[in-house]
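To start, the structure itself, in structure tokens.
No lab work stands behind these numbers, since they all come straight from the coordinates. Source: prediction; values computed, not measured. Using ideal geometry, Cβ is built from the backbone for each residue, glycine included, and neighbour counts are taken over all protein chains shown.
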Amino acid sequence: MTLALEARGITKKFPGVLANDHVDFALEKGEIHAMLGQNGAGKTTLMNILYGLYQPDEGHILVHGEEVRFHSPLDAIMNGIGMVHQHFMLIPVFTVAENIMLGKEVKSARGMLLDRQRAEEEVRALSQQYGFSLDPTALVKDLPVGTQQRVEIVKALYRQADILILDEPTAVLTPQEAEELFVIMRSLAAQGKSIIFITHKLKEVLAVADRISVMRSGQMVGTTTPKEATEAGLAEMMVRRKVILKVDKKPATPGEEIMRAEDLQVLDDRRHPVVNGASFFVRAGEILGIAGVQGNGQTELVEALTGLRPIAGGHILLLGHDVGRVRPRQITEAGVAHIPEDRHKHGLVLSYPVADNLVLCTYYLPPFARGPVMEEAAIRENAEALIKKFDIQTPSPFTPTGSLSGGNQQKLIVAREFSRPVKVLIASQPTRGIDVGSIEFVHQQIVQRRDEGCGVLLVSSELDEIMSLSDRIAVMYKGRILETLPAAEATRERLGLLMAGVKEETATKEEVHGA
């Protein structure tokens, strides 16, 4: 066994938190080693140490058998380690070649100017070597998410990395893009590259990994192989209890129509149409799932429905009242709850304490305010109750929200949105980037709201999530609702074809327009 990378006894402490507790980890040459664990288990801290972003308080790092000490990511890069972060580190207005050579610029013979042509040739050759099919001259802002991720991988390979750390690489990918990534990962491993694959998705781990390690509460609790493991077993290792992986829900009993979109038109930030005449309805007591490849207008649709983006045409009706051109607060006050796609951008104020984030929608109302004066005692009591009810792991109600793990930040949003009377829940990518235990919790809460008579609009790029939670499924393609069908009639194959824009001729008008 030839080890590419080894961590021995890694310990890292932050104020009030033991993030890594004498962690041992070994990565073999040419293997894909998956790393599992709940949010806050210590995975990212360990990877940041291996990449030089943090320095360990105790322990040793060995690369190809030689002990090293990293003071910065540059030291890790010089030792052949590359990291692809969950949130891409790319400059949108730069070309592919410019992004890849950034920090390792190719200069002309005189050394005064950038040699873009040579850089493009080198990037094209490297791309072809690994089968990535990248256009070095394309602007990153014009590329799909999956292609942007390939740019990040090539950027690491351009710096001669033979150890790759992929942090949640499929969090923003479609199923098709994820499969393409797995092909790339296997190809890289076959060529001798060693890959650490951090993810929450158990099916992916079993499909692509050679070995699987699980962290819990800052410690390494076990290493296994896909042949020896099951989804249920891995989930139990992660959370120390049995996890219900299949959504448990009874049949829906839909009531009155509660929300409707009619011929909705929405523009993106560049004033280009991205929602083109979308029409659908949601009834009380049901979950309407919207499936589709990311980038077909789902983000802008949700922003329009929640008042965060103006509509260019059409109507949004809530209980028969047109709310298509009102402010977000008015939509909130009308009984709409929103779990946003980007919890940092639209869901939380990260510098605010947990208690304040839990009243972002109601801070100006009694009992949290008396006129212009905020009632701190009531805000604290509310936070303490919701922290307990929704099992938010935080040292105190006054902890800055940005210091919580992703799963606990998501629980905070769910707690806030569900702690007030709501008629409609709009949940966009509600489980993106969170662990299996938190996913189970969020799913249970969504189904519970449906059963209490709330109308739910679920937007997700996770096909399994759409199929297991939804009562009806609408497929969005190029800004339109291509077809709507009962969940019982939906198969992965049929939905996959619709997501690619292939529609059966037998679809009825009702299926197409959701009316």
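Taking the DSSP beta bridges with both ends in the chain, the antiparallel portion is around 55 percent.
Exposed loop sites were defined as GluC sites (Glu not before Pro) in DSSP loop states (anything but H, G, I, E or B) carrying at most 14 other C-beta atoms within 10 Å; in the chain the longest segment without such a site runs 257-451. The calculated FRET efficiency for MET78 paired with LYS478, based on their beta-carbon distance and R0 = 35 Å, is about 0.15.
Straight-line reach from LYS249: taking Cα to Cα under 19 Å and skipping same-chain neighbours fewer than 8 places apart, the aspartates and glutamates in range are GLU286, GLU440, ASP451, GLU452, GLU462, ASP464, GLU465, ASP471, GLU489. Can you pull the percent of Cα pairs in segment 3-239 with separation above 23 Å? It works out to 49 percent of all Cα pairs. Rounded to the nearest Å, what's the spacing between the alpha carbon centres of segment 229-257 and segment 189-215? Just the number, please. Rounded to whole Å, the Cα centres lie 23 Å apart.
For segment 460-474, backbone phi angles converted through the Karplus equation (6.51, -1.76, 1.60; θ = phi - 60°) give residue-by-residue couplings of 8, 8, 8, 5, 4, 5, 4, 6, 7, 9, 6, 9, 10, 10, 10 Hz, Gly and Pro being listed as x. Once you treat every alpha carbon in segment 347-420 as an equal point and sum by Debye, what is log10 I(q)/I(0) at q = 0.23, 0.28 Å⁻¹? Summing over Cα pairs of segment 347-420 leads to -0.98, -1.41. With N the number of residues in segment 109-189, Rg(Cα) / (2.2 N^0.38 Å) evaluates to 1.18. Which of the three applies to segment 278-382, rounded, prolate or oblate, going by the alpha-carbon gyration tensor with a ≥ b ≥ c and a/c under 1.5 meaning rounded? Taking the square roots of the gyration eigenvalues as a ≥ b ≥ c, segment 278-382 is prolate.
For the chain, averaging the sequence separation of C-alpha pairs within contact (under 8 Å, six or more residues apart) and dividing by the residue count gives a relative contact order of 15 percent.
Taking N as the number of residues in the chain, what is its Cα Rg relative to 2.2 N^0.38 Å? The partial results should precede the final answer.
On the way: Rg = 24.0 Å, N = 515, 2.2 N^0.38 = 23.6 Å.
In units of the 2.2 N^0.38 Å rule of thumb, it is 1.02.
Other residues lying with their Cβ under 14 Å from the Cβ of LEU319 contribute a combined charge of -1, Lys and Arg counting +1, Asp and Glu -1. Bridges between two residues of segment 3-239, per DSSP, are antiparallel at a rate of about 55%.
Most simply put, segment 159-318 has about 80% antiparallel DSSP beta bridges, counting only bridges with both residues inside it. Database remark: amide H of SER428 closer than 5 angstrom to the amide H of ILE339, GLU341, VAL459 (H placed geometrically; neighbours at sequence offset of 5 or more, or on other chains; Pro and chain starts carry no H).
Charging the Cβ of each Asp and Glu at -1 and of each Lys and Arg at +1, and nothing else, the dipole of the chain about its Cα centre rounds to 600 debye.
Candidate cross-link partners of LYS104 among the lysines, defined by an alpha-carbon separation under 19 Å and a same-chain spacing of 8 or more, comprise LYS155. Put in order of Cβ neighbour count within 10 Å, fewest first, the listed residues LEU234, LEU457, LEU102 become LEU102, LEU234, LEU457. Per-residue Karplus couplings for segment 32-46, computed as 6.51 cos²θ - 1.76 cosθ + 1.60 with θ equal to phi - 60°, are listed in order as 9, 10, 7, 10, 10, x, 5, 4, x, 6, x, 4, 5, 4, 4 Hz, Gly and Pro entered as x. Taking label positions 7 Å along the Cα-Cβ direction at both LYS345 and PHE14, the computed distance is 2.3 nm, reported to one decimal. Of the listed pairs LYS250/LYS388; LYS201/LYS411; LYS388/LYS411, which have alpha-carbon separations greater than 21 Å here? Violating the 21 Å limit, Cα to Cα: LYS250/LYS388.
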